[in-house]
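Here is the structure we will look at.
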Amino acid sequence: MTDKKKRQRGTRTHGGGTHKNRRGAGHRGGRGRAGRDKHEFHNYEPLGKHGFTRPEEVQDEVREVTVQELDENAALYAADGLAEEAGDGYRIDAREVADDGYDADVVKVLGDGQVRNELDVVADAFSASAVEKLESAGGSADLSERAEAAEADESETEESDEE
């Protein structure tokens with residue numbers, strides 16, 4: 001037995017105040033989540049909705065591939081026919097390599113990991129670190145036709161908005 005339990009043996013209420021206390025839920029502030037917007041608010045998340053969520057039909061479905069994954073598996077992709085050998089390196093279409101790449105709206109290459117091979121990668125979008133790593137290894141980061149068409153549409157709408 002711990003010291004406190006021993007010390008309270010023989011007392012009537014074990015430190016709970018008068019004998020009337022600890023009978024109902026009033027002593028502990030209610031049952032369950034009672035008081036979550038009054039006296040127990042600091043123990044619970046805020047009530048109500050906050051922020052805005054874009055509708056799913058408007059959101060683009062983005063698939064991601066890292067440069068490390070492309071670099072490590074470049075030879076395997078070439079053997080499977082997903083990439084082409086080009087001189088010292090490989091030419092890879094990220095849409096063919098990504099999981100469900102052809103079903104996604106955008107395939108983006110991220111800059112995680114290292115690049116040791118010379119890679120020419122075609123994708124819809126690139127992170128800044130991915131472009132830097134690909135170019136420092138002697139490769140290139142090229143936008144796909146789909147991404148170039150989307151950029152052309154955006155520039156046309158901006159020009160029409162200015163007029």
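The values are calculated or read from the model by the stated rules, or taken from the named source; none is laboratory data. Keep in mind the model is a prediction, meaning the values are calculated, not measured. Neighbour counts run over all protein chains shown; Cβ positions are idealised from the backbone, glycine included. The area values use the complete protein model at the heavy-atom level, side chains included, leaving out ligands, DNA and RNA. Shrake-Rupley method; radii C 1.70, N 1.55, O 1.52, S 1.80 Å.
If the requirement is being over 30 Å from Q59 (Cβ atoms) and without any contact (Cβ under 8 Å) to a residue 60 or more places away in the chain, which of these qualifies: E85, E96?
It is E85.
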Filter the range 115-132 down to the residues that are assigned to a strand (DSSP E or B) and of a type in the set (V, I, T), then identify the one that is surrounded by the fewest Cβ atoms within 10 Å (Cβ to Cβ). V122
Within the range 16-68, restricting to residues that are among the basic types (K, R) and within 22 Å of the chain's Cα centre (by Cα), the one that is farthest from V122 (Cα to Cα) is K49
So, of the residues in the range 74-98 that are in a strand (DSSP E or B) and among the aliphatic types (A, V, I, L, M), which turns out to be nearest to V115 (Cα to Cα)? I92
Of the numbered conditions (1) within 30 Å of A125 (Cα to Cα); (2) among the charged types (D, E, K, R); (3) within 28 Å of the chain's Cα centre (by Cα); (4) at pLDDT below 90, D71 satisfies every one except a single condition; which is it? (4)
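Yes/no matrix, rows are residues, columns are (1) open to solvent by 90 Å² or more (accessible area, probe 1.4 Å); (2) without any contact (Cβ under 8 Å) to a residue 24 or more places away in the chain; (3) farther than 30 Å from G138 by Cβ:
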| position | (1), (2), (3) |
| --- | --- |
| G10 | no, yes, yes |
| G24 | no, yes, yes |
| G30 | no, yes, yes |
| R36 | yes, yes, yes |
| E57 | yes, yes, yes |
| D60 | yes, no, yes |
| L70 | no, no, no |
| A79 | no, yes, no |
If you check G48, G87, G111, which single one turns out to be small (G, A, S) and more than 15 Å from S140 (Cβ to Cβ)? G48
Residues in the range 150-163: is at least one among the polar types (S, T, N, Q) and within 22 Å of the chain's Cα centre (by Cα)? no
Go through (1) farther than 30 Å from G32 by Cα; (2) open to solvent by 40 Å² or more (accessible area, probe 1.4 Å); (3) touching an Asp or Glu at 6+ places or on another chain (Cβ under 9 Å) for E64 and report which single condition fails. (3)
